[in-house]
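Note sheet for the following structure.
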Amino acid sequence: MTARDDIHRLFESGRTSYRLDEYLDAHRAERDAEIMRWLGKKAREYRATGRKADAERADLIGRLASQISRGAVRPNNTMLPAGVKPTFFEPGREYRATQHACFRFRCLATDTHPVTGEVRAFGWRQIERTDLFVATALDPDDWACCAWTDVTETGEPQ
């Protein structure tokens, strides 16, 4: 069983867990390892052509893999630049549905379904006008329907 399976099982159960951060960290480590293996494969493919331009590409890919292995990709340094509109929920951000002012969502992670590949945002949805939150998984249709506003920086009251 992988950390990804643990996260899916937790959200499907509807329960909360003090181990969620541990699960997310383990999932990130597993995903980083997958990415580094894939980058290594691509670098070998480019290098095998024997062309100088492809050798340079292979070197660049190797540097990217090295940065990932040293922790360069972290949740707090992968946000979009100012002024760029997101196309889906981003981990570490909190949103308010503009069309439903009482609907808030705190995104903890995004991932794709292991079989269908459909993307999901996992996090906490606030119960209308209360201090209660429930574990929730939202999809691209949820993103499209509600005109979301990122309220992470504004500290907007709930």
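General observations
- Restricting attention to region 10-22, the residues that are at pLDDT below 75 and surrounded by 11 or more Cβ atoms within 10 Å (Cβ to Cβ) total 6.
- Exactly one residue out of 39, 60 is out of contact with any Leu (no Cβ under 9 Å at 6 or more places or on another chain), modelled with pLDDT of 85 or more and over 30 Å from residue 141 (Cβ atoms), and it is 60.
- The set of residues in region 112-132 being of a type in the set (A, V, I, L, M) and either at pLDDT below 80 or open to solvent by 70 Å² or more (accessible area, probe 1.4 Å) (or both) consists of 115, 127, 132.
- Residue within region 51-62 that is open to solvent by 60 Å² or more (accessible area, probe 1.4 Å), within 19 Å of the chain's Cα centre (by Cα) and not basic (Lys, Arg) present: no
- Residue 149 being of a type in the set (S, T, N, Q) and either free of Cβ contacts under 8 Å to residues at least 12 places away in the same chain or over 23 Å from residue 25 (Cβ atoms) (or both): yes
Results for (1) free of Cβ contacts under 8 Å to residues at least 60 places away in the same chain; (2) in contact with a Gly (Cβ under 9 Å, 6 or more places away or on another chain); (3) assigned to a helix (DSSP H, G or I), shown as yes or no for each residue.
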{"residue": "22", "(1), (2), (3)": "yes, no, yes"}
{"residue": "26", "(1), (2), (3)": "yes, no, yes"}
{"residue": "30", "(1), (2), (3)": "yes, no, yes"}
{"residue": "34", "(1), (2), (3)": "yes, no, yes"}
{"residue": "39", "(1), (2), (3)": "yes, yes, yes"}
{"residue": "46", "(1), (2), (3)": "yes, no, yes"}
{"residue": "50", "(1), (2), (3)": "yes, no, no"}
{"residue": "54", "(1), (2), (3)": "yes, no, yes"}
{"residue": "57", "(1), (2), (3)": "yes, no, yes"}
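- Conditions (1) part of a loop (DSSP other than H, G, I, E, B); (2) out of contact with any helix residue (DSSP H, G or I) (no Cβ under 9 Å at 6 or more places or on another chain); number of the one not met by residue 106: (1)
- Filter result for residue 49 (at pLDDT 90 or above, out of contact with any Lys or Arg (no Cβ under 7 Å at 6 or more places or on another chain) and of a type in the set (Val, Ile, Thr)): yes
The values are calculated or read from the model by the stated rules, or taken from the named source; none is laboratory data. Please read these numbers as outputs of a predicted model, since none were measured by experiment. Cβ coordinates were reconstructed from backbone atoms using ideal geometry, including for glycine residues, and neighbour counts include every protein chain displayed. Areas reflect the complete protein model, heavy atoms only, side chains present, ligands, DNA and RNA absent. Shrake-Rupley method; radii C 1.70, N 1.55, O 1.52, S 1.80 Å.
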